[in-house]
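The values are calculated or read from the model by the stated rules, or taken from the named source; none is laboratory data. Fair warning: this is a prediction, and the values are worked out from it, not measured in the lab. Glycine also receives a Cβ, built like all others from the backbone with ideal geometry; neighbour counts cover every protein chain displayed. Remember, those area values only see protein heavy atoms, side chains included, never the ligands or the DNA or RNA. Shrake-Rupley method; radii C 1.70, N 1.55, O 1.52, S 1.80 Å.
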Number of protein chains: 2
Amino acid sequence: MPDIDPWGDVEVGDYSEKMEKFGIEPIEEIADRLPDHRFIRRGIVFGHRGLDDFLDARDEGNEFAMMTGIMPSGVFHFGHKCVVDQIKLYQEMGAQVTIAAADIEAYNTREMSLEESRKLVVEQYLKNYAALGIDLEEVDFYFQSQAGNNHLARSKMFGRYLTQNEVEATYGNADPGKISSALTQYADILRPQFKENGGPKPTVVPVGVDQDPHIRLTREVARKYREQDFVKPASTYNKFMRGLQGGKMSSSDPKSYIALTDSVEDAKDKIDQAKTGGQDSLEEHREKGADVEEDMVFELLAFHLIEDDGELQRIREEYASGEMLSGELKQIAKEKIEEFLVEHQRKREEVAPQVEQYIEENFEFDI
Amino acid sequence: MPDIDPWGDVEVGDYSEKMEKFGIEPIEEIADRLPDHRFIRRGIVFGHRGLDDFLDARDEGNEFAMMTGIMPSGVFHFGHKCVVDQIKLYQEMGAQVTIAAADIEAYNTREMSLEESRKLVVEQYLKNYAALGIDLEEVDFYFQSQAGNNHLARSKMFGRYLTQNEVEATYGNADPGKISSALTQYADILRPQFKENGGPKPTVVPVGVDQDPHIRLTREVARKYREQDFVKPASTYNKFMRGLQGGKMSSSDPKSYIALTDSVEDAKDKIDQAKTGGQDSLEEHREKGADVEEDMVFELLAFHLIEDDGELQRIREEYASGEMLSGELKQIAKEKIEEFLVEHQRKREEVAPQVEQYIEENFEFDI
């Protein structure tokens, strides 16, 4: 078995160990070249590989791109929002943005029909993306199943540059459905660099560590491919939000996440039931204070609901000292989530027809 | 290792053994439903799998198709002509004809660039196909690298229906380049049945036994695929012409074949040097007669140069009895080959500009 299975449910424990093993550099080293962003300030984006070239291109006024994928897997929750925040970060830097909806991958590895993927992608992802401020007309969005002849043909040709051994060492096996999906992903990652898209150009792919195997093999293919030049794609690595009950946040367990389409009432309920770092009794809590790192409500605030570092720090200190109780922390989170969801869902309603029109105008589903 | 490697240089010895093992039926059983053709009369096409459905469709006035591929591998010789003769056979029956140029396969399994494939396909294959009477405007001809979005996307989705074990058992390994090519082939074979091409419909693929693994896995995919119905593709099996020196006819050994673009002089030289079934001395030959089955010149006559069974039978008897000498047999072949090549090459000159125009009008090579 490989160390990390990008199709599995692996929890990634010790980030620093993985970083050393896979040659991931700490983000701090180049943080001053990146825009000020809570994910970077708070170590949520903690590492990178090869981002220097990307930043050089920006500094030199050359083209550069970011690429990400949508793996349709249920409702759109705050874990997914991390990706959107990063798209916006790079877009503000001037990067061209490419977004692939991985319907072939979902078909081959999750037995999801293209229709089902399409529906999830539009309803759960694109409508929320748009409400969060992604202008679909400004990005290269596509479904893998409609990536175009040249994209798909090249992805097949990439197969020449990898061996069964490399695939097995990376993904655990060489099932045809998996290989087929993986090769498609390599083309997705290299798409901003296709000659007809003005490549080669530095491209960054923000991922969780679990997706790093795809990045490593794509870099291998980029180096070996003979029909055009590619820059080896760069990557950044973000921590995963944990589930509200602790453990993994999972689309198949609604109590583990707050969806951006959850009702305010449901969201507040989930916060009420979340795992906290508070102590068992009031007395003990006042004395020892909370274990902030093990508080899922604090994690939600830190990842998404509090932009201001000073405010977050004040809460952290009060909570860690025992001055603030878990119930009080939850109250803060419930107020913030209500504000967020009401505004987000209003925007989502507003942009929904535009998204539907965008899909209608740009795609013909005939496969 | 698998029994038969479609990418290898396997010589197929005992046909009847393979037939039983792979469930191939003797062609005689349905010969009376096929047009009268020297390949069938002479057992050159010796077996089939599932051809009944195909013939039923013809009898019932429904659509039916034949599909074949071009693997660019050097000059076009009499071994390749067997395929063209079969295309014409099925086309005369009323089958729609699909011809795939396997440039992705050549890229992945033979490290041939798309440009090189394209040049070989046009110069060596299409111009000779056209000279032999194939009207390119009447067939669905395409390059795999330009097969279209839906064709390529589906071929990726076919991966879901096969396991690594099946692939290894069939092809010997699960290298990504090989899997990628194989999945493309399954889509090639099923292309006449795509819904946009009016499928499902019975389709026959004439092959050598070495290509049967592709057929078997395509039938597997056709049965399992959930997005549209397919009829499991039928196949016919033809014997391989042996090389002029005995052994395998190979593109990499010019003495083993006569190319349809060889000069008459070169062709006659190759016949002069061919392996015969004649005896060592005149005396012995007169006494024992020739071993006709081991005579490569007779094989050339039987496969391609003599249409009339009576004439071929007369030669066989005279030669087998010792009445005819190897030199005399060669003299017949040299006269026939001169006649054939002069006429073929005149036609090839004549149709070459039409083929070039056809390519120019129908393809844009931008990958």
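Overview of values
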read-out: Other-chain or far-sequence residues with amide H under 5 Å of B:Phe143's (modelled H); value: B:Ala101
read-out: Dipole magnitude of the protein assembly as shown, debye to nearest 20 (Cβ charges: Lys/Arg +1, Asp/Glu -1, about Cα centre); value: 240
read-out: Region A:115-191 - charge dipole about Cα centre, Lys and Arg +1 at Cβ, Asp and Glu -1, debye rounded to 20; value: 260
read-out: Rounded FRET efficiency, nearest 0.05, which uses the C-beta distance separating B:Glu293 from B:Glu28 and R0 of 30 Å; value: 0.95
read-out: Nonlocal amide H pairs with A:Lys275, under 5 Å, H built at 1.01 Å; value: A:Gln245, A:Gly246, A:Met296
read-out: Chain A: relative contact order in percent, alpha carbon pairs under 8 Å with at least 6 residues between; value: 19
read-out: A:Lys248-B:Arg110 FRET efficiency (beta carbon distance; Förster radius 45 Å; 0.05 resolution); value: 0.50
read-out: Region B:254-354: proportion of alpha-carbon pairs further apart than 24 angstrom, %; value: 27
read-out: Helix-derived mean residue ellipticity, 222 nm - over the protein assembly as shown, DSSP H n ≥ 4, -39500 (n - 2.57), to 500; value: -14000 deg cm²/dmol
read-out: In order through region B:175-187: 3J(HN,Hα) via Karplus (6.51 cos²θ - 1.76 cosθ + 1.60), integer Hz, x for Gly, Pro; value: 4, x, x, 6, 4, 4, 5, 5, 4, 5, 4, 4, 5
read-out: Farthest positive-ward along region A:254-354 dipole, Cα basis, beta-carbon charges - from A:Thr276, A:Ala333, A:Pro353; value: A:Pro353
read-out: Label-point gap, in nm, between A:Ser321 and A:Glu265 - each point 7 angstrom along Cα→Cβ; value: 3.9
read-out: Max mean-square fluctuation residue, GNM over chain A, Cα-Cα springs under 10 Å, options A:Asp140, A:Asp32, A:Asp266; value: A:Asp32
read-out: Vicinal HN-Hα couplings computed from phi for region B:317-329 (Karplus, 6.51 cos²θ - 1.76 cosθ + 1.60; Hz; Gly/Pro x); value: 5, 5, 6, 5, 7, x, 5, 9, 8, 4, x, 5, 4
read-out: Share of carbon and sulfur in the accessible heavy-atom surface of region B:15-240 [1.4 Å probe, %]; value: 43
read-out: Under-5 Å amide H pairs with A:Asp262, H placed in peptide plane, nonlocal only; value: none
read-out: Other-copy label distances relative to B:Ser263, 7 angstrom Cα-Cβ extension, nm; value: 9.0
read-out: Max mean-square fluctuation residue, GNM over chain B, Cα-Cα springs under 10 Å, options B:Asn128, B:Asn197, B:Asn108; value: B:Asn197
read-out: Per-bin percent of Cα-Cα distances, chain A [10 Å]; value: 5, 23, 33, 26, 11, 3, 0
read-out: Highest-MSF residue in chain B out of B:Asp262, B:Asp253, B:Asp135 [GNM, Cα springs under 10 Å]; value: B:Asp253
read-out: Spatial separation of Cα centroids for region A:86-124 and region B:255-274, in angstrom; value: 58
read-out: Restraint check, A:Lys18/A:Lys330; A:Lys201/A:Lys224; B:Lys21/B:Lys232; B:Lys81/B:Lys224; A:Lys248/A:Lys347; A:Lys224/B:Lys178, Cα-Cα greater than 23 Å; value: A:Lys18/A:Lys330; B:Lys81/B:Lys224; A:Lys248/A:Lys347
read-out: Phi-based couplings in Hz for region A:83-97 (Karplus 6.51, -1.76, 1.60; Gly and Pro marked x); value: 5, 5, 4, 6, 4, 5, 4, 6, 5, 5, 6, x, 6, 6, 10
read-out: Distances in nm from B:Glu168 to the matching label points in the other copies, shortest first (labels 7 Å along Cα to Cβ); value: 0.5
read-out: Simple spin-label estimate for B:Asp56 and A:Glu196 in nanometres, 7 Å along Cα-Cβ; value: 4.3
read-out: Estimated FRET transfer efficiency when R0 is 60 angstrom, pair A:Asp272-B:Glu356 (beta carbons, to 0.05); value: 0.20
read-out: Label-zone membership for region B:118-149, site B:Phe363, 7 angstrom Cα→C-beta point, backbone N under 11 Å; value: B:118-127, B:141-147
read-out: Exposure ranking of B:Ile40, A:Ile104 by accessible area [1.4 Å probe, largest first]; value: B:Ile40, A:Ile104
read-out: Loop-resident sites, region B:249-321, for GluC sites (Glu not before Pro), counting at most 13 other Cβ within 10 Å (DSSP); value: B:Glu307
read-out: B/A buried area, accessible surface, summed, 1.4 Å probe, Å²; value: 3300
read-out: Largest to smallest principal axis extent of the C-alpha atoms in the protein assembly as shown, angstrom; value: 118, 54, 44
read-out: Teacher prompt: A:Glu25 distances to equivalent labels in other copies, 7 Å Cα→Cβ, nm; value: 6.7
read-out: Qualifying GluC sites (Glu not before Pro) in region A:64-152, DSSP loop, other Cβ atoms within 10 Å at most 11; value: A:Glu111
read-out: Listed residue (A:Val264, A:Asn165, A:Ser181) projecting farthest to the positive dipole end of the protein assembly as shown, Cβ model; value: A:Asn165
read-out: Point-charge dipole on Cβ atoms (K/R +1, D/E -1) for region B:15-240, about Cα centre, debye to 20; value: 360
read-out: Sites matching trypsin sites (Lys or Arg not before Pro) across region A:31-96 that sit in DSSP coil, with at most 15 neighbouring C-beta atoms within 10 Å; value: A:Arg42
read-out: Among A:Val84, A:Thr203, A:Pro72 the positive-end extreme of the charge dipole of region A:15-240 (Cβ point charges); value: A:Pro72
read-out: Normalised contact order of region B:171-230, rounded percent, pairs of Cα under 8 Å and 6 or more residues apart; value: 35
